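The values are calculated or read from the model by the stated rules, or taken from the named source; none is laboratory data. Here the structure is a predicted model, which is why all the values come from computation and not from measurement. Note that we place each Cβ from the backbone using ideal geometry, even for glycine, and neighbour counts take in every protein chain shown.
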Amino acid sequence: LSTDGRVFTWGCGSDGRLGHAEAQGHRYLYKEHEPRSIDLLNNQQVLSISTSYYHMAAIVVQ
């Protein structure tokens, strides 16, 4: 979570767990080697995030 409220993800994931659309439907390992912002959250001010092995959740300002 950056100081301006953007969320970046990287690492290993599948089925969209990293928040990147092109990973949807990948049932096997999907790798993102460089930090990338999550497009869906680009126009949102994110206050907090929570992550685990299977999910990521964000709290945004409405």
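The number of residues in region 37-62 being over 11 Å from Leu18 (Cα atoms) and part of a strand (DSSP E or B) comes to 8.
Scan region 52-62 for residues that are more than 12 Å from Gly13 (Cα to Cα), exposed (fewer than 14 other Cβ atoms within 10 Å of the Cβ) and under 10 Å from the mean Cα position of the chain (by Cα) and jot them down. Listed by number, the list holds a single entry, Ala57. Remark: pairs (first residue in region 39-62, farther than 14 Å from Asp4 by Cα; second residue among the charged types (D, E, K, R) and in a loop (DSSP other than H, G, I, E, B); Cβ separation under 8 Å; 6+ apart in sequence or on different chains) = Tyr54/Arg17; His55/Arg17; Met56/Arg17.
Could you please find all residues in region 6-38 being at pLDDT 85 or above and loosely packed, with under 13 Cβ neighbours inside 10 Å? Result: Glu34, Pro35.
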